[in-house]
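First comes the structure, then the notes that go with it.
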Amino acid sequence: MNSYAEPVRVGVAGATGYTGVELLRLLARHPGARLSAAMGGPGAAPRTVPALKRVWDAPVDGLDLDALASRSDAVFLALPDHAAAEIAPPLVARGKRVFDLSGAFRLRDASLRRRWYPQTPEPPQPVVYGLTERNRDRLRDSTFVACAGCYPTAAILALQPLVQARQVVTDGAPIIIDAKSGVSGAGKTPTERTHFSECHDSLSAYGVFNHRHAAEIEQELGTRVTFVPHLLPIDRGILETIYATLQPGVEESAIAATLQAAYADSPFVRVTGADLPEIKHVAHTNFCDIGWKVNAETRQLVMIVCIDNLVKGAAGQAVQNFNLAFGFDETAGLN
């Protein structure tokens, strides 16, 4: 456990977006953190944020790298990919612990990074992939964390233990991830696709065979997947239906044993088995719920995974990573 005599000074860049607001709300109640800086994006004018009243009453200034570094020991970046790619390396160079919620530094393969995040430079030092439950040992005392994406968080938590145990087929029948997210997953900047009149009373697929989160999922699983995201007409939440084929001889009891063992010490992963989860079970929480059904005759496995995209898929997981990096209890600020 940490032995800091004073709370850790934390700054948030991108504090006016959905994820930034969620971060400030969580950090404001964290027993080991003190909010010391809240900034918007580069060039943003100072503004007050009604949703942050009595959380951060001062104006949220535009991004000032020098001020952010001088006021903070740890910095959370809730910025667009290109902005995070620009300011993360100099913050790390100044000795700051950086928790980047953008996708800029998640991909380790340089060619994939150039394809999906072309404005990201070569990282100045090793970057820890911040999927908390699957990377705890590397997160302890880490200084530069690329927090996992929202869709990948749900998919990897469900599939990685089974892939590593060789319980699902990875070299024949495809693993299919049918993913649906609330509109807040698209960010706060309005677009035609996220306009109320466009998404209300509708359900649409997007990014088919062309979504950067597929590369992130494949990186962590070590196998190809078919990933299809959809836009749900709700504010927040992700539900993924995952289809896989079990290896011969693998029974439902083995799936249950693997997942229960993998997350026995994980306070925010709930293994629900045949009680299939729903978005409302996890909304506004840091939980990831994993349920499943098995067809023994066809060896087909169907998994249902739910998270809140703004909490476990973003701000909450970033705080989990912060807790491990600084030696706090993993649940601090999240219960």
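The values are calculated or read from the model by the stated rules, or taken from the named source; none is laboratory data. Model, not experiment: these values are computed from the prediction. Counting neighbours? That spans all protein chains shown, and the Cβs are built from the backbone with ideal geometry, glycine included.
Please report, ordered by residue number, the helices (runs of 4 or more DSSP H) entirely within segment 27-144 with at least 3 residues that are in the same structural domain as Val269 (by TED's automatic domain parsing) and surrounded by 15 or more Cβ atoms within 10 Å (Cβ to Cβ).
none
Select from segment 93-114 the residues that are without any contact (Cβ under 8 Å) to a residue 24 or more places away in the chain and among the basic types (Lys, Arg) and write down the one among them that is farthest from Ala15 (Cα to Cα).
Restricting to residues being without any contact (Cβ under 8 Å) to a residue 24 or more places away in the chain and among the basic types (Lys, Arg), the top hit is Arg114.
Out of contact with any Leu (no Cβ under 7 Å at 6 or more places or on another chain) and closer than 29 Å to Ser142 by Cα - does that describe any residue in segment 51-61?
Within segment 51-61, one or more residues are out of contact with any Leu (no Cβ under 7 Å at 6 or more places or on another chain) and closer than 29 Å to Ser142 by Cα.
Select, from Thr258, Thr285, the only residue that is more than 18 Å from Gly185 (Cβ to Cβ) and crowded, with 16+ Cβ neighbours inside 10 Å.
Thr258
Scan segment 296-335 for residues that are buried (at least 24 other Cβ atoms within 10 Å of the Cβ) and of a type in the set (Val, Ile, Thr) and jot them down.
Residues satisfying the conditions are Val305, Ile307, Val311, Val319.
Quick check: is even one residue across segment 82-99 acidic (Asp, Glu) and farther than 16 Å from Lys188 by Cβ?
Yes, because at least one residue in segment 82-99 is acidic (Asp, Glu) and farther than 16 Å from Lys188 by Cβ.
Residues checked against (1) among the basic types (Lys, Arg); (2) in contact (Cβ under 8 Å) with a residue 60 or more places away in the chain:
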{"residue": "Arg29", "(1), (2)": "yes, yes"}
{"residue": "Gly32", "(1), (2)": "no, yes"}
{"residue": "Arg47", "(1), (2)": "yes, no"}
{"residue": "Lys53", "(1), (2)": "yes, no"}
{"residue": "Val60", "(1), (2)": "no, no"}
{"residue": "Ala67", "(1), (2)": "no, no"}
{"residue": "Leu77", "(1), (2)": "no, yes"}
{"residue": "Pro89", "(1), (2)": "no, no"}
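Please indicate, with yes or no, whether at least one residue in segment 289-302 is at pLDDT 95 or above, within 21 Å of Val21 (Cβ to Cβ), touching a His at 6+ places or on another chain (Cβ under 9 Å) and not assigned by TED's automatic domain parsing to the domain that holds Ala28.
No, that holds for no residue.
Can you tell me which residue within segment 275-294, out of those that are within 16 Å of Tyr243 (Cα to Cα) and in a strand (DSSP E or B), is farthest from the chain's Cα centre (by Cα)?
Val294
Return the residue satisfying two criteria in turn: it lies in segment 145-188 and is charged (D, E, K, R) and over 24 Å from Ser204 (Cβ atoms), and of such residues it is modelled with the lowest pLDDT.
Checking each candidate, the answer is Asp171.
So how many residues does segment 8-26 have that are among the basic types (Lys, Arg) and part of a helix (DSSP H, G or I)?
Counting residues in segment 8-26 that are among the basic types (Lys, Arg) and part of a helix (DSSP H, G or I) gives 1.
May I ask you to list the residues in segment 51-63 that are of a type outside the set (Gly, Ala, Ser) and over 25 Å from the mean Cα position of the chain (by Cα)?
Passing the criteria: Lys53, Arg54, Asp57, Pro59, Asp61.
Scan segment 238-274 residue by residue and report those that are in a helix (DSSP H, G or I) and of a type in the set (Asp, Glu).
Glu252
In segment 298-310, how many are closer than 20 Å to Leu159 by Cα and under 11 Å from the mean Cα position of the chain (by Cα)?
So the count comes out to 3.
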